[in-house]
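Chemist: Input: one structure, supplied below.
The values are calculated or read from the model by the stated rules, or taken from the named source; none is laboratory data. Note that the structure is predicted; figures quoted are calculated from it, not measured. FYI the Cβ positions are ideal-geometry reconstructions off the backbone, even for glycines, and counts take in every protein chain you see.
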Amino acid sequence: MERVIFLVDMQAFYASVEKVRNPELADKPVVVAGDPDQRSGIVLAACPIAKKAGVKTAEPIWQARAKCPNLEVVRPHMQLYLILSDQITRLLEQFSDRVEVYSVDEQFVDVTDSLHLFGTKDELAQLIYDDIIDTLGVKARIGIGPNKALAKMACDNFAKKNQSGIAELNAANLKELLWPLPVKALFGVGGRMNQHLQRMGLHTIGNLANHPVKWLRKHWGINGEVLWRLANGIDNSPVVKGTHMQQKAIGHHMTLPRDYQSPQDIKIVLRELTEEVARRVRQQQYLGSTVTVNVQSNRFDIKQGFNRQIALAEPTQLGHDIYQAAEALFDKHWQGYPVRGLGVSLGKLVEKTTRQLSFFDDPIAQENLANTIDQLKERYGLTAILRASSLLDAGQAKARANKIGGHSR
C-alpha cells in the first residue's frame, strides 16, 4: 500500500497569530520582529499583505519599512506560539497517531492507516484545514505525498501558491510539476549546494534526477545519492513521533544590539552563550564532543564571518570546556571585523549514561557544582548568579534572561 503523508504548515504563523490576537491588524501589513526598537530587529514572519509589498523574512526592519512605510511591527510572543504549536499537534493526533513535529509551524502526519475513516486525501486535507481555522483562526498550507520529501515540496512549491492551500506531488505528476523547478527548490538543497549543482550544469530538479548517480556519489558520497533519490521522489524515512527528540546539537545564537569590535567585549558574550548552552545540555542529560562557533560581521552583503568547529578530547557538559574550545576557534578565525552575530553550539550529543573517565581529570565535582548553580537559576531566575563580566556594558545575559529563543515571551 502506498503511504499517504501530509505536511501541515501554518501560513505566516507568527504574524497570523498576532492578527488573531489583535483584529485591528487584520487588513494591515504586519511583521513580527525580534526587536523593533533596535537596529538589530529582524523580520521573523511577514503576513501575505506585507509580502506583496516586497517584505521578506530575515531582512532588517529598516529595509522592510523602506518597502512598506505603513508596516505594522509587532514584538514576538514565543511562549504563545509554542503553546499553539502544541495545540496543533493535539488536533492532528485526532486524525492519526503518527504526527512528527518538524518545526514550530510544520508537522508531518502519516494518514495511511486512518484515511479510510475520513474519505479521500483531498477531503481529509480540507477537513484538517477547516479544523485549524475553526480552532485557532490561522490558515494552514497542506502538502500531500507518498513520502515526507514529496509532501514537503508539494507544500512549499505548490500549496503555498494555490488558493485552496492544498497540493499533491506523486509519481504520476512528478516529472510534470517537480522536475521543471530550479534545483534550489529540492528538499535538502541549501545555498552552497545550489551553487555547486549550478556549476555542474544541473539547473533544474529534472537535470539532477537524470544525472548519473555514480557521479553524484563521486562528488558528495552518500549525500549525492540522497539528493538524486529525492529528485526522483524516493524517500523511505518514516513519520515517527519523537523523531526530533534526540537532538544532534544544542546551540545559542544572538544578533548583537550593536557592532562589537573589541575582542574582550565579544568574548564576554561568547562566554555567556557557552554557559547557556552548557546549562541546556545538562538539563537534557547530554554530553557533547564537538564545539561550533558562528561569527557574522555587520557586512551582510559580502557574508563576512565564519562557521568553524573543533572536536573535544572528551565529551563534556561543562561551560568552561566549551568556552575554551570556542575561544580557541574565535582567536584562530576572527580577522578583526565588527561582529554583528555570534553563536555557539555543542554537537555529537550522547546521553549521559556511561562514559570513560580520565585518571587525570575527574569532571564529577565540577558537574555537581554546575548542577547546583542550575538549580539556583531554575528557582530564582537566570540572573540569580552571573559572572561579573556580564555586568559590563558588553554583557547580554541580563537582557536575554526573560526571552525565549532570544525573543520576547
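Chemist: I'm checking my understanding of the structure. Among residues of the range 49-81 that are over 11 Å from Y14 (Cβ atoms) and under 21 Å from the mean Cα position of the chain (by Cα), which one is modelled with the lowest pLDDT?
Modeler: Only one residue fits best here, namely A58.
Chemist: Another one. Just checking, which of D86, D110, D105 is under 30 Å from V4 (Cα atoms) and modelled with pLDDT of 95 or more?
Modeler: D110
Chemist: Something else now. Just to check your reading of the model, which residue among I205, I128, I166, I132 is crowded, with 16+ Cβ neighbours inside 10 Å and in contact with a Phe, Trp or Tyr (Cβ under 6 Å, 6 or more places away or on another chain)?
Modeler: Among I205, I128, I166, I132, only I205 is crowded, with 16+ Cβ neighbours inside 10 Å and in contact with a Phe, Trp or Tyr (Cβ under 6 Å, 6 or more places away or on another chain).
Chemist: Quick one: which of D97, D86, D113 is part of a loop (DSSP other than H, G, I, E, B) and free of Cβ contacts under 8 Å to residues at least 40 places away in the same chain?
Modeler: D113
Chemist: Within the range 221-236, take every residue that is touching a residue at least 24 places away in the same chain (Cβ under 8 Å) and in a helix (DSSP H, G or I) and give me the one that is nearest to I5 (Cα to Cα).
Modeler: Of everything passing the filter in the range 221-236, L230 is nearest to I5 (Cα to Cα).
Chemist: Residues of the range 290-305 being at pLDDT 90 or above and surrounded by fewer than 22 Cβ atoms within 10 Å (Cβ to Cβ), which ones?
Modeler: Those that are at pLDDT 90 or above and surrounded by fewer than 22 Cβ atoms within 10 Å (Cβ to Cβ): T290, T292, N294.
Chemist: Sticking with this structure for a sec: Cβ-Cβ below 7 Å, separation at least six or inter-chain, first residue in the range 135-148 and part of a strand (DSSP E or B), second among the polar types (S, T, N, Q): which pairs?
Modeler: Close Cβ pairs satisfying both conditions: A140/Q11; R141/Q11; G145/N170.
Chemist: If I ask for residues that are modelled with pLDDT of 90 or more and surrounded by fewer than 19 Cβ atoms within 10 Å (Cβ to Cβ), which ones from the range 321-346 would you list?
Modeler: Q324, E327, A328, D331, K332, H333, W334, Q335, G336, Y337, P338
Chemist: Restricting the search to the range 209-220, which residues are more than 9 Å from N232 (Cβ to Cβ) and crowded, with 18+ Cβ neighbours inside 10 Å?
Modeler: Those that are more than 9 Å from N232 (Cβ to Cβ) and crowded, with 18+ Cβ neighbours inside 10 Å: H211, L216.
Residues checked against (1) surrounded by fewer than 18 Cβ atoms within 10 Å (Cβ to Cβ); (2) farther than 20 Å from N147 by Cα; (3) more than 24 Å from the chain's Cα centre (by Cα):
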| residue | (1), (2), (3) |
| --- | --- |
| G191 | yes, yes, no |
| Q198 | yes, yes, yes |
| L230 | no, no, no |
| N236 | yes, no, no |
| R280 | yes, yes, no |
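Chemist: Does the range 246-259 contain at least one residue that is at pLDDT 90 or above and out of contact with any Phe, Trp or Tyr (no Cβ under 8 Å at 6 or more places or on another chain)?
Modeler: Scanning the range 246-259 turns up no residue that is at pLDDT 90 or above and out of contact with any Phe, Trp or Tyr (no Cβ under 8 Å at 6 or more places or on another chain).
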